[in-house]
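Remarks on the structure that follows.
The values are calculated or read from the model by the stated rules, or taken from the named source; none is laboratory data. The shown structure was predicted, so the numbers you read here are calculated from the model rather than taken from an experiment. Note that each Cβ is placed from the backbone with ideal geometry, even for glycine, and that neighbours are counted across all protein chains shown.
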Amino acid sequence: MPMLGFGYHRDGPGGVSFFHRPPPPAPPGELVLGGTAVKREPALPVVFIHGLGVGITPYLRFLRRLAKVRECFVIELPEISQNGTEKVLSPAAMASALAGILQAAGHQKACFIAHSYGTCVLSWVVRHRRDIVAKAVLLDPVGFLLAQPDVAYNFLYRPARNPFTMFVAHFVRWELFSAHVLMRNFYWYHNVLWAEDLPEDTTVVLASKDDIIDAHAVRCYLEERQRGHGDAAAGTSDRNRRESPCLKLLWLEGFFHAGILLSRSAQTQVMDLL
């Protein structure tokens, strides 16, 4: 991460460690509209929350591209990164810590990007500190329809079918400290994402061949919400229009869970939606 220009901040607000890269330099010259020079509005910073596995290493290519255009905060979750820690913050404490990280840097809001398990952490922020979420981007989200058995069975209990899934099972799914998080500190009612609770500006990225979630069921669920949003916008209720989110769906045909990390074109599509 230092080679990408990120500084490391150990035990920040709430005891959460994170990497930070300042915003890139502003482009030269003035922004002129109608013959009048106007002040450029700085782009929102990005807070990135990684998924379960080996920490931020699989995300380096994506983070490198992201840091070229935005100020970035990359949150470290050692409890799901095979770092040998049993400490797991409560949802409210984690949300408060992320708000503190932003406030310490002089920000009130940010664009939050989360992948896989990180989308559960983002659900905590939405629930407890919604005020700091200007935009949410959920990659391979595991929190939708969490009351259904798909995620729990597919990730924790499904038998390995080949050498690769056997490797993943023993070194990721059943790794001691990751299993501690999932078996002892994962409550569906803390981590579930309801479509009606999504922030106003939300993008959801789904992989058609995701082997952890039922991506097609999640897509149907969210598209139903989109249709409801359209009906509400055309209806008579101001309350419905105000509370219905601007929900965008990006469907990655032929992709597996985390396949976006290997695809430059898919990452470009996500970057274009920021």
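For region 166-185, which positions are assigned to a loop (DSSP other than H, G, I, E, B) and in contact (Cβ under 8 Å) with a residue 24 or more places away in the chain? Full working, then the answer.
Our first condition is that a residue be assigned to a loop (DSSP other than H, G, I, E, B); within region 166-185, this holds for 174-175, 185.
Correct list: Glu175, Asn185.
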Query raised in the report: Scanning region 149-178 for residues that are charged (D, E, K, R) and more than 18 Å from Gly55 (Cβ to Cβ), which turns out surrounded by the most Cβ atoms within 10 Å (Cβ to Cβ)?
Result: Asp150
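Which residue, of Ala266, Ala258, is farther than 17 Å from Leu145 by Cβ, among the aliphatic types (A, V, I, L, M) and at pLDDT below 95?
Numbers: Ala266 fails: at pLDDT below 95.
After ruling out the rest, the residue left standing is Ala258.
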Query raised in the report: Restricted to region 186-195, and to residues that are assigned to a helix (DSSP H, G or I) and crowded, with 20+ Cβ neighbours inside 10 Å, which residue is nearest to the chain's Cα centre (by Cα)?
Result: Asn191
**Report entry** Within region 196-222, considering residues that are at pLDDT below 95 and assigned to a helix (DSSP H, G or I), the one nearest to Asn83 (Cα to Cα)
**Finding:** Asp197
Query raised in the report: Condition test on Gly106, is it free of Cβ contacts under 8 Å to residues at least 12 places away in the same chain, of a type outside the set (Phe, Trp, Tyr), out of contact with any Cys (no Cβ under 8 Å at 6 or more places or on another chain) and more than 17 Å from Arg10 (Cα to Cα)?
Result: yes
Report task. State all residues of region 78-95 that are surrounded by 15 or more Cβ atoms within 10 Å (Cβ to Cβ) and assigned to a loop (DSSP other than H, G, I, E, B); if no residue qualifies, say none. Result -> Ser81, Gln82, Val88, Leu89
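For residues that are surrounded by 24 or more Cβ atoms within 10 Å (Cβ to Cβ) and among the hydrophobic types (A, V, I, L, M, F, W, C), scanning just region 122-141, find the one that is farthest from the chain's Cα centre (by Cα). Reasoning before the result, please.
First, the residues of region 122-141 that are surrounded by 24 or more Cβ atoms within 10 Å (Cβ to Cβ): 122-123, 125, 136-141.
From what's left, among the hydrophobic types (A, V, I, L, M, F, W, C): 122, 125, 136-139.
Numbers: Leu122: 6, Val125: 11, Ala136: 7, Val137: 6, Leu138: 4, Leu139: 6 Å.
Checking each candidate, the answer is Val125.
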Report summary line: Of (1) surrounded by fewer than 18 Cβ atoms within 10 Å (Cβ to Cβ); (2) at pLDDT below 95, Val181 satisfies every one except (1)
